[in-house]
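This report refers to the structure that appears directly beneath it.
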Amino acid sequence: MASAARGQWSGKMGFILAAAGSAIGLGNIWRFPYTAGENGGGAFVLIYLFFVFAIGVPVVLSELAIGRKTERNPVGAFAVLAPGTRWRWLGGLGILTGFVILSFYAVIAGWTLSYLWGAVTGALNGVTTAEQSGVVFGALIGNPGLMVFLAGTFLAITAMIVRGGISGGIEKATTILMPILLVMLIGMAIRSMTLPGGAEGLAYIFSADFSKITVGVVAAALGQALFSLSLGMGAMITYGSYMPEGENIHQAGIIVAIFDTTIALLAGLIIFPALFSAGVAPTAGPGLVFVVLPTVFAQIPAGQIFAIAFYALLAIAALTSTISLLEVVVSYFVDEKGWSRTKAVTVLGTACFALAVPSALSQTEGSFFYSLPGLGIDFLSLQNIIWGNYSLSIGALMVCVFAGWKWGIPAVITALESSGHRLPASSAFGFLVKFVCPVAVAGILVYVIVTQQYF
Ligand code: PHE
């Protein structure tokens, strides 16, 4: 395979940072806290952590093995490993899923730009109470034109970087910024945990009340684990396909999973104490972090500087995730349809923007998309649940069935060990991929359908 022509990471570190860049994003800092808040706090977090290690890590490794072996996009990869079968449709579902996730993700990423602007201009200064912060947020979501514009801007920046290719564009953008984000989050967590009333927030996410668990909560925790690790839609297949030979790919995958989970928990340590300190309800929904964070900055010395740095980093963390979402879709059209990178980026970026418009409009009260007839849920939240929870779950389930039963565990392990590094606990890995993941995920999906507890 002409890997040089497709592009490659410059080495293991380049891969880790790019894959961590894909995994770490709004999923950790925006989606995790509000989903945990809506689903009862501690018990959700516990189930999420269980899924990260019991299902997430085996799926990360399976996807990386598929990419490593085939050096292809998700559709091409399944076509190589299972020629003449319908497995390529699984790759197709992943590409569609990535496309839709990108469309609503860009809207929230646009919000980070608005807050960055607010921090730079000083408009966020003096936002000390939850009420004041709610007014600022209300002004944003009351302005659909602005949200469409911001989502479009974010998609345009994403498209420009993806056009630049693998090591030139994507890798450069991630290498320095991820470590800075980590350090800032630690600082903010310390401030937040020492706020008056902060302890109550810690109790909320660290004490599990199992009476709050429903199958909807379990499905949301599974979806969150997969979403946060960028699994179930082929991103790790695609990123694994750019891994140079000779690098320890399974170790890199596990490092990414640990890094990603740490950042989500850190976000929880920032948001929940601050939320209880400011008196915001944990169930506030998608606006949660945007309402809570300004009240934290207001209580930090030189808060404006922290706010600028934080929103800039959040926007960048989102960008390294949107890059991976678009890259999966683009790599399919480049590899399989023979499109040029420029054409793929332009056509798909524009189409994605069109789909982002209803999501952007869906946050404004009174808009048609704000509460969909018969569902009582907004368009963005609906996409988030269908594609961000269920489609990723189906994708992860099928990847395990493919790796465990079609391609076979010995072949998966051979691919993971092709660099000469042995995979530790490989029999546990095989057991998780063949039995635990398929049974658990299928069981949850069937239970959700039977009991109709979709949200
Ligand atoms: N993992 C990213 C985040 O947490 C989102 C994402 C999902 C990116 C799926 C790629 C694929 O923000």
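The values are calculated or read from the model by the stated rules, or taken from the named source; none is laboratory data. Everything quoted here is computed from the prediction, not taken from an experiment. Note: ideal-geometry Cβ built from the backbone for every residue, glycine included; neighbour counts use all protein chains shown. The accessibility values were calculated without ligands, DNA or RNA, using every heavy atom of the protein model including side chains. Shrake-Rupley method; radii C 1.70, N 1.55, O 1.52, S 1.80 Å.
Relative contact order (percent) for the stretch 12-451, with alpha-carbon contacts under 8 angstrom and 6 or more residues of separation?
Details: 732 pairs, mean separation 154.1, N = 440.
Across the stretch 12-451, relative contact order equals 35 percent.
Heavy-atom accessible surface of the chain, averaged per residue, reaches 36 Å², computed with a 1.4 Å probe.
Each residue of the stretch 107-117 was assigned a 3J(HN,Hα) from its phi angle through the Karplus expression (A = 6.51, B = -1.76, C = 1.60, θ = phi - 60°), giving 5, 5, 4, x, 4, 4, 5, 5, 5, 4, 4 Hz with x at Gly and Pro. A simple count of charges around L185, restricted to other residues whose Cβ falls under 13 Å of its Cβ and scoring Lys, Arg +1 and Asp, Glu -1, yields 0.
Computed over the chain, the alpha-carbon pair-distance distribution with 20 angstrom bins reads 27, 60, 14, 0, each value a whole percent.
Dividing the alpha-carbon radius of gyration of the stretch 146-268 by the rule-of-thumb value 2.2 N^0.38 Å gives 1.35.
The P(r) of the stretch 342-440 has a tail past 19 Å containing 63 percent of all C-alpha pairs. Residue ranges 35-45, 376-386 sort as 35-45, 376-386 when ordered by packing (mean number of other C-beta atoms within 10 Å per residue, highest first).
Before anything else, pin down the relative contact order of the stretch 48-135: Cα pairs under 8 Å, at least 6 apart, normalised by residue count, whole percent. Worked out over the stretch 48-135, it gives 13 percent.
Taking the chain as a whole, the Cys residues whose C-beta sits 4.7 Å or farther from every other Cys C-beta are C352.
Tell me the net charge near A225. Cut-off is 12 Å between Cβ atoms, A225 excluded, with +1 for each Lys or Arg and -1 for each Asp or Glu.
On the way: positive: R31; negative: D260.
Net charge in that neighbourhood comes out at 0.
A P(r) calculated from all alpha carbon pairs of the stretch 101-211, with 10 Å bins opening at zero, reads 11, 26, 35, 23, 5, 0 percent.
Per residue, how much space in cubic angstrom lies within the convex hull of the C-alpha atoms of the stretch 197-356?
Working: hull volume 28.5 nm³, N = 160.
Dividing the Cα hull volume of the stretch 197-356 by its residues yields 178 Å³.
If I take R0 = 25 Å and measure r between the Cβ atoms of M160 and A302 in this structure, what FRET efficiency does the formula 1/(1 + (r/R0)^6) give, to the nearest 0.05?
Numbers: r = 32 Å, r/R0 = 1.30.
The computed FRET efficiency comes out at 0.15.
The alpha carbon radius of gyration of the stretch 22-65, expressed as a multiple of 2.2 N^0.38 Å, is 1.29. Summed over qualifying helices (DSSP H, 4 residues or more, each -39500 (n - 2.57)) and divided by its residue number, the chain shows a 222 nm mean residue ellipticity of -22000 deg cm²/dmol. Rounded to the nearest 10 degrees, what's the angle between the helix 42-51 long axis and the longest principal axis of the chain, both from Cα atoms, 0 to 90? On a 0 to 90 degree scale, this one is about 20.
Start at zero, step by 10 Å, and the Cα-Cα distances of the stretch 1-142 spread as 9, 25, 31, 21, 12, 3, 0 percent across the bins.
Highest average first, the peptides 239-247, 25-33 ordered by how many other beta carbon atoms sit within 10 Å of their residues are 25-33, 239-247.
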